[in-house]
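Read the structure below first, then the notes.
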Amino acid sequence: MIVNAMKSENLLLRCIPEKEWETLKSSISEVDLELGQVLSEPGRKTHWIYFPANALVSILYNLENGGSAEIAIIGNEGMTGISIFLGGESTTSRAVVQSAGRAYKIRSEIILDLFNNSPPVMHLFLRFTQAKITQMSQTAVCNRHHSIDQQLCRWLLLSIDRLSGNELVMTQDLIANMLGVRREGVTEVAGKLQREGFITYSRGHITVLDRAALEKRTCECYAVVKREYDRLLPDKIAV
């Protein structure tokens, strides 16, 4: 049943107490998210909250010159739209589907009411928010101080952590856009990782073959983010 799938496919939904879940589940609907679909725009009030199941959502900051860079990834561990319960209602970033798949959506006012009236849910959502802030902070550090090689390894690991498998559908142009680097740099690094047997890459499909090797290759930023998510959200997705 879809109700059971919601609980098993997204960590935050899975962690919502049964009492609150009984009142919430009738308001949730399953949706298919398409690659490139915009879920929220900068400066605009958020009307829908999305809980990804097997999709990935990028939080992007866009520059006036048309450039952009990813500041966070959200998958089956989280939710979009945290601004609604932080008091701001909108943000300066854009939420865009990075990898197509399914998600569960609910009106933002329902989530806000749940946040305000259920201390367990409030604490759950705030712990996720703290973990997400860590990811955003570490991404800024990584983009400033580490090589494209290390950045790409970190990005691949964070992405597959938020999916149920080890395959991504992603073009090199899109990866370059996410990392805020030149496409040529991504092409060079992706080719090197493929030659060394860490990944395979063909027509936009990336498969991670050797996760342990990627973990050794990346910088400390990945481990910092993973430890914080594990600490704040210790329950795991059932796959």
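The values are calculated or read from the model by the stated rules, or taken from the named source; none is laboratory data. Here the structure is a predicted model, which means the values were calculated and not measured. No Cβ is skipped: glycine too gets one built from the backbone with ideal geometry, and neighbour counts run over all protein chains shown.
One residue alone among GLY78, GLY88 is crowded, with 21+ Cβ neighbours inside 10 Å, at negative phi, out of contact with any Asp or Glu (no Cβ under 8 Å at 6 or more places or on another chain) and not basic (Lys, Arg), and that residue is GLY78.
Assessment of region 163-184 against the conditions (surrounded by 20 or more Cβ atoms within 10 Å (Cβ to Cβ), modelled with pLDDT of 90 or more, under 23 Å from LEU232 (Cβ atoms) and not hydroxyl-bearing (Ser, Thr, Tyr)) yields no matching residue. Restricted to region 114-126, and to residues there that are without any contact (Cβ under 8 Å) to a residue 60 or more places away in the chain, of a type outside the set (S, T, N, Q) and loosely packed, with under 14 Cβ neighbours inside 10 Å, the residue that is farthest from GLU9 (Cα to Cα) is PRO119. Consider region 28-75 and keep the residues that are surrounded by fewer than 19 Cβ atoms within 10 Å (Cβ to Cβ) and among the charged types (D, E, K, R). The one that is farthest from ALA100 (Cα to Cα) is GLU64. Consider LEU12 carefully, then state whether it is farther than 21 Å from LEU124 by Cβ, at pLDDT 90 or above and assigned by TED's automatic domain parsing to the domain that holds ILE111. No: the conditions fail for LEU12.
Restricting region 127-144 to residues that are free of Cβ contacts under 8 Å to residues at least 12 places away in the same chain and not basic (Lys, Arg), the residue that is farthest from GLY191 (Cα to Cα) is ILE133.
I want to confirm something. Restricting to region 93-112 and keeping residues that are aliphatic (A, V, I, L, M) and not in a strand (DSSP E or B), which single residue is surrounded by the most Cβ atoms within 10 Å (Cβ to Cβ)?
Going residue by residue through region 93-112, those that are aliphatic (A, V, I, L, M) are 95-97, 100, 103, 106, 110-112.
Then keep just the ones that are not in a strand (DSSP E or B); that gives 100, 110-112.
Details: ALA100: 15, ILE110: 14, ILE111: 23, LEU112: 16.
Residue satisfying both the conditions and the ranking: ILE111.
Here LEU86 fulfils each of the conditions (1) more than 30 Å from GLU215 (Cα to Cα); (2) of a type in the set (A, V, I, L, M, F, W, C); (3) in contact with a strand residue (DSSP E or B) (Cβ under 8 Å, 6 or more places away or on another chain) apart from (3).
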